[in-house]
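One structure is given below, encoded as structure tokens.
The values are calculated or read from the model by the stated rules, or taken from the named source; none is laboratory data. Note that this is a predicted model, so its numbers are computed, not measured. Every residue, glycine as well, gets a Cβ built from its backbone with ideal geometry; the counts of neighbours run over all protein chains shown. These area figures cover heavy atoms from the full protein model, side chains too; ligands, DNA and RNA do not enter into them. Shrake-Rupley method; radii C 1.70, N 1.55, O 1.52, S 1.80 Å.
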Amino acid sequence: MTTIAVIGLGTMGLGIAQTYAAAGFSVLATDAVVAARDSALTRLRDTLAPRVAAGKLSEADLGALIARITVVSGPEAMAAADLTIEAVVEKIEVKRALFAALEAVVAPDAVLATNTSSLSVAAMTEGLAHPERMLGLHFFNPAPVMKLVELVAQPATSEAALARARRLTETAGKTVIACPDRPGFIVNRCARPFYGEALAMLEEGRSASEIDAAMLAAGYRLGPFALIDLIGADINLAATEGLAAAMGNHPRYHVFEALRRQVASGDLGRKTGRGFLHPDRPGPAPADAGAITARIEAALVNEAAWLLSEGGTTREGIDTALKLGLNFPRGPFEVGGTPRATLAALAAAAPPHLRGRYDPAPGLESL
Ligand code: NAI
């Protein structure tokens, strides 16, 4: 029997535990907070109750799923784990201490995985006796629903550890995409221009409604502003600032004032009842909708090409990740057109501090 251990039973950890339990794995789960441990299975039952009510999950299957999860006191009770996944607070010292505790009890070939969104996976190996079994398994929220998992290798990760993490996670129904241990991995990094170019155009005088309408007309399920409103402008700002800092404040990750002002206004999106657009819907697409789309997509293609040039992933991997992670209708390498010409025109029109945003990635010529 393969055993998966999940540490941290908040939003992500409980969803990850559910994901593997639903696939038939035996799951050991824990949290540092007693109340989180005690309430975990009740919370899971409550989450799944609507599916039972809708006839999509039988009471028997729900009972069997929950019975496969054992809540334990802490990492010391996780010796049986073949794969451990942490989803605790996003603090490197906390995660390092946890992996040290896990390493003391699990088998030598047990895989240690982190669900971090923004920390370096390599940095988490510090102090480990077996850094070759440390990797990232980055799930998306809500974990049981979102198909994509980014599989992050750090320089010491072994092929055996990667293969085991991939196999178990694919068995749990996920699409696993390999990606390098770079800030933002694939999705959180390649998404930046989707918001960034929209915010640039907003600062240039276009309306959020026009920009979103243009992207909807091009097949996107949500425009950039509707997506910020859904996620929360504060969360988007934190992610943008984090990536900007991690990438040496390169202009491709510029933090636009329009986003800072929105956060300062307190209108963060759906959760506060008002955002860039919310509760309104975008109006009709403007006459030059094609130019808006071409600009955003050229920047998306360029960011994807920069990431590709850094190694550790593939065109197909990036395309799949953005389609599954952000619901994009096409991946950046499926866009076509002439991104280089669009980028050159954008660079010529940009203020000096933003000109470097549009430097073409190596290899863009051949796309
Ligand atoms: P959360 O705050 O909902 O849950 C974290 C849980 O970890 C809490 O129940 C807390 O009591 C527990 N915890 C903290 N320190 C612990 C320790 N030393 N040992 C055991 N349990 C401990 O956080 P959330 O949103 O679930 O995030 C967890 C991790 O997943 C973070 O690294 C985050 O960056 C990452 N992540 C979050 C996503 C999201 O959309 N919320 C998406 C993908 C990754």
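Annotation: of all residues in the range 20-38 being over 15 Å from V72 (Cα atoms) and assigned to a loop (DSSP other than H, G, I, E, B), the one that is farthest from the ligand (Cβ to nearest atom) is G24.
Going by what's in this entry, would L41 be described as free of Cβ contacts under 8 Å to residues at least 60 places away in the same chain, in the same structural domain as A165 (by TED's automatic domain parsing) and within 16 Å of the ligand (Cβ to nearest atom)? The answer is yes for L41.
Within the range 153-168, none of the residues are within 16 Å of G325 (Cβ to Cβ) and open to solvent by less than 40 Å² (accessible area, probe 1.4 Å). For a quick check of your reading of the model, give me the residue pairs whose first member lies in the range 21-34 and is touching a residue at least 12 places away in the same chain (Cβ under 8 Å), whose second is near the ligand (Cβ under 6 Å from one of its atoms) and assigned to a loop (DSSP other than H, G, I, E, B), with beta-carbon atoms closer than 7 Å and at least 6 apart or on different chains. What qualifies is A29/L9; D31/G8; D31/L9. Of the strands (runs of 3 or more DSSP E) entirely within the range 50-121, those holding at least 2 residues that are in contact with a Ser or Thr (Cβ under 9 Å, 6 or more places away or on another chain), closer than 20 Å to V33 by Cα and within 16 Å of the ligand (Cβ to nearest atom) occupy 69-71, 83-86. Entry remark, the range 101-139: residues being open to solvent by 20 Å² or more (accessible area, probe 1.4 Å) and touching a helix residue (DSSP H, G or I) at 6+ places or on another chain (Cβ under 9 Å) number 20 in total. Listed by position, the helices (runs of 4 or more DSSP H) contained in the range 209-313 that have at least 1 residues being under 15 Å from N188 (Cα atoms) are 224-231, 233-246, 289-309.
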